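Note sheet for the following structure.
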């Protein structure tokens, strides 16, 4: 422009610059929206990257089209260059900017996801703590202790020790979203020992955990609410003895966790949305936050299935992506 007329005024600079900036307003909203809808996550990389590459190309084409349409009003060019040159310039100028905006969108998405996961974990910790501090649980545990104090002091002392360890480990629990399965099972043991002592011959707990899955990553505090539901709603309401089975095994690229009882069972029209309690709803929400819904061909996601157990009772099965602590998915 200096060469053409010997000078450049502020309007000559501001009009095309501000017009270019305003064109980015809707495109910025589109970039942030696409980052939120198609985030690049563990186990889900190829499809989002391809989608964002296509979106970057689309944005460059839109910007080039806007230049062609608005150049007579704005004056980016004294004379428009040939179309191939215009498209090449648009790609060079806009792909990097779009990528930076998608990066900002990912940062926002990851921050929101991390905050949501922390809130879910806090709710899970509170749920476990409340279940252990509920009057009915403490009174039942103390009544069990009083029944054993004279006739079996050693058992009474063991129950008190388990109760103290249970409450202590809950209050001092880690903020980690995931822990190894062996750690989750160890944290469950004091609760099971108290309940086995309380129900005596009416409760049998079986464990069917394959040894090669003990290092698998599982959501922290995922088992205790499910086991409590099985005992409280399946075994406790009836006089006959019952069994609760805790199972874990690997199934392809997924880890399966199952809590099954042979108790009173579910209503015929049971659904988690309508009839599930806080424990089931919180577990389902945490799985969705941590792993997402099941996806065909792009990672197994996670699922929660509640239904009748073979032979009567209730079965709750979780499927989560297989991953050992500190390693990427196999």
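The values are calculated or read from the model by the stated rules, or taken from the named source; none is laboratory data. Treat the numbers as computed from the prediction; the structure is a model and nothing was measured. Don't worry about glycine lacking a Cβ; one is built from the backbone with ideal geometry, like all the others, and counts go over all protein chains shown.
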Note to self: Can you find a residue that is under 30 Å from residue 14 (Cα atoms) and under 41 Å from the mean Cα position of the chain (by Cα) anywhere in segment 67-84?
What the structure shows: no
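Table: residues versus (1) under 14 Å from residue 97 (Cβ atoms); (2) free of Cβ contacts under 8 Å to residues at least 60 places away in the same chain.
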| residue | (1), (2) |
| --- | --- |
| 9 | no, yes |
| 12 | no, no |
| 15 | no, no |
| 19 | no, yes |
| 27 | yes, no |
| 38 | no, yes |
| 42 | no, no |
| 45 | no, yes |
Checklist line | Cβ-Cβ under 6 Å pairs, at least 6 apart or on other chains, segment 288-310 side closer than 15 Å to residue 44 by Cα, far side modelled with pLDDT of 85 or more and in a loop (DSSP other than H, G, I, E, B) | finding: 291/302; 300/253
Item checked: Hits in segment 202-231 - residues which are within 14 Å of residue 282 (Cα to Cα) and under 18 Å from the mean Cα position of the chain (by Cα) -> 219, 220, 221, 222, 223, 224, 225, 226
Notebook entry, point to check: Is it the case that segment 16-37 has a residue that's outside any helix (DSSP H, G or I), closer than 27 Å to residue 290 by Cβ, at pLDDT below 90 and within 31 Å of the chain's Cα centre (by Cα)?
Noted result: no
Next item on the list: Please state which of the following conditions residue 269 fails to meet, knowing it meets all the rest: (1) exposed (fewer than 14 other Cβ atoms within 10 Å of the Cβ); (2) modelled with pLDDT of 85 or more; (3) over 30 Å from residue 114 (Cα atoms).
Entry: (2)
Next item on the list: For segment 288-308, indicate whether the set of residues that are assigned to a helix (DSSP H, G or I), crowded, with 20+ Cβ neighbours inside 10 Å, touching a strand residue (DSSP E or B) at 6+ places or on another chain (Cβ under 7 Å) and at pLDDT 80 or above is non-empty.
Entry: yes
Note to self: Filter segment 206-229 down to the residues that are crowded, with 21+ Cβ neighbours inside 10 Å and in a loop (DSSP other than H, G, I, E, B) and list them by number.
What the structure shows: 220, 221, 222, 223
